[in-house]
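S.K.: First, the structure itself, so that you have it in front of you.
The values are calculated or read from the model by the stated rules, or taken from the named source; none is laboratory data. All values reported here derive from a predicted model rather than from experimental measurement. No Cβ is skipped: glycine too gets one built from the backbone with ideal geometry, and neighbour counts run over all protein chains shown. The area values use the complete protein model at the heavy-atom level, side chains included, leaving out ligands, DNA and RNA. Shrake-Rupley method; radii C 1.70, N 1.55, O 1.52, S 1.80 Å.
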Amino acid sequence: MMKAVILVGGEGTRLRPISLMMPKPVVPVLNVPMMFYILEWLKKHGVDEAIMVACYLPHILNQVLKNSYKGMKIKYIYEDAPLGTGGAIKRAQPYMKGTTVVINGDVVTDFNITKMLKFHKESKSRATVGLYPVQNYSSFGVVDTGLNGSIKRFLEKPSREEVGTEKAYINAGIYLLEPEVLDIMEKGRKYSVERDVFPEFIGNGFFGFKQEYIYWLDMGTPERLRKFSTDIMEGNYPLNLSENEKFLKEKGAKVLKPSLIGKGTKLRKNCVIGLLNVIGKKCEIGENSVLENCILFDDVKVGKDCTLKNTIICSGTEIKDNVRLTENSVLGPCSKITQYSKSGA
Ligand code: GDD
Ligand code: MG
């Protein structure tokens, strides 16, 4: 049994407007909070307690995730002001006991923590970072390791020139830490674990553990949120938490699979829910409207004769009749869209 510290304090600026009224962990993916996928993964690897270090909209986080998930305890630590990834981990130090999993709360993956833990113990590591190879590494931390996996260099958000190769192993946002390694940080101070702390660990029991053929995605942008949703529906992610729920389908309304419709939603006459749509709870899709590859959160109302493609629509939004949105639009919470509005030509 093991504890996991989950960093969830970020404002999710790149996920705006989706993150304006909800923190990232609560953002729905196939109609369940994105954090559920992370908790399922941790549970599979023997984690029985999750400690969320929160800062941005913490009351919403607690309201949605509550104090347990399928038998796993959930605790919350609230920061008054964001102390960076390092400061947040330091805040959780008193709650850690023995080897602890620490993860970035916006990464969805099936990274094998069990194997990583075996490696951690065998190499007598004090801090192990999970590594995953990518081509576009400039928005991540790039990690170079020696033959036995010991970390030689940790470069946060490097340029192509600094790294020099096309592909690199990046910090997957998954760590195994012996709590005492955090002693080098002072309480209450701001630290970036990637920039200020990890470089200090080099040469002192600091290892990287590589995994290649796995699923790994940082869910930090609307595009990547859609990618995760599509990957689950197409079976490219090992877990699907969605359930078929009861909804109303009027005469002539069509639903193509894969798509998901939430409880209490009403599909009016002759509307077409095309491929890869996710529609939240208590939504309404008007007569003759056509949706394709859209994500609608709860309580969204779409009028008649609308065409919506590749659009993400946050809760409480109302779209009037004859609207045409086809250009990867993202509508923020409680938007009001006038009739005949359109994107593109
Ligand atoms: N509690 C708390 N306080 N959490 C924070 C804070 C803070 O001050 N700052 C960031 N976080 C949380 C975010 O909510 C997120 O879950 C996680 O820490 C990482 O922050 P991001 O802002 O998403 O960082 P990033 O994606 O640019 O880069 C990080 O993740 C990459 C992998 O996805 C780095 O760790 C990179 O090295 C790594 O490759
Ligand atoms: Mg991130």
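S.K.: Out of the residues in segment 55-103 that are hydroxyl-bearing (Ser, Thr, Tyr) and within 23 Å of Lys44 (Cα to Cα), which is most open to solvent (accessible area, probe 1.4 Å)?
M.R.: Tyr95
S.K.: Could you say which residue among Gly149, Gly141, Gly188 is more than 23 Å from Lys43 (Cα to Cα), at pLDDT below 95 and small (Gly, Ala, Ser)?
M.R.: Residue meeting the stated conditions: Gly188.
Yes/no matrix, rows are residues, columns are (1) buried (at least 22 other Cβ atoms within 10 Å of the Cβ); (2) modelled with pLDDT of 95 or more; (3) of a type outside the set (S, T, N, Q):
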{"residue": "Thr230", "(1), (2), (3)": "no, yes, no"}
{"residue": "Leu241", "(1), (2), (3)": "no, no, yes"}
{"residue": "Asn244", "(1), (2), (3)": "no, no, no"}
{"residue": "Ile261", "(1), (2), (3)": "yes, yes, yes"}
{"residue": "Leu267", "(1), (2), (3)": "yes, yes, yes"}
{"residue": "Ile285", "(1), (2), (3)": "yes, yes, yes"}
{"residue": "Val300", "(1), (2), (3)": "yes, yes, yes"}
{"residue": "Gly303", "(1), (2), (3)": "no, yes, yes"}
{"residue": "Val323", "(1), (2), (3)": "yes, yes, yes"}
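S.K.: Here is a follow-up. Against the definition (away from ligand 1 (no atom under 15 Å from the Cβ), over 22 Å from Asp183 (Cβ atoms), crowded, with 22+ Cβ neighbours inside 10 Å and in contact (Cβ under 8 Å) with a residue 60 or more places away in the chain), how does Ile38 come out, yes or no?
M.R.: So Ile38 does not fit the description; no.
S.K.: Right, something else. Is it the case that segment 159-169 has a residue that's within 16 Å of ligand 2 (Cβ to nearest atom) and either over 18 Å from Phe198 (Cα atoms) or part of a strand (DSSP E or B) (or both)?
M.R.: no
S.K.: When you look at Tyr175, is it buried (at least 19 other Cβ atoms within 10 Å of the Cβ), hydroxyl-bearing (Ser, Thr, Tyr) and either within 16 Å of ligand 2 (Cβ to nearest atom) or at pLDDT below 95 (or both), yes or no?
M.R.: Criteria met by Tyr175.
S.K.: Does Ala168 qualify as being of a type outside the set (Val, Ile, Thr) and in contact with a Pro (Cβ under 8 Å, 6 or more places away or on another chain)?
M.R.: Criteria met by Ala168.
S.K.: Which of the numbered conditions does Val255 fail, given that it passes all the others? Conditions: (1) open to solvent by 30 Å² or more (accessible area, probe 1.4 Å); (2) among the hydrophobic types (A, V, I, L, M, F, W, C); (3) assigned by TED's automatic domain parsing to the domain that holds Val108.
M.R.: Evaluating Val255 over (1) open to solvent by 30 Å² or more (accessible area, probe 1.4 Å); (2) among the hydrophobic types (A, V, I, L, M, F, W, C); (3) assigned by TED's automatic domain parsing to the domain that holds Val108 leaves (3) as the failure.
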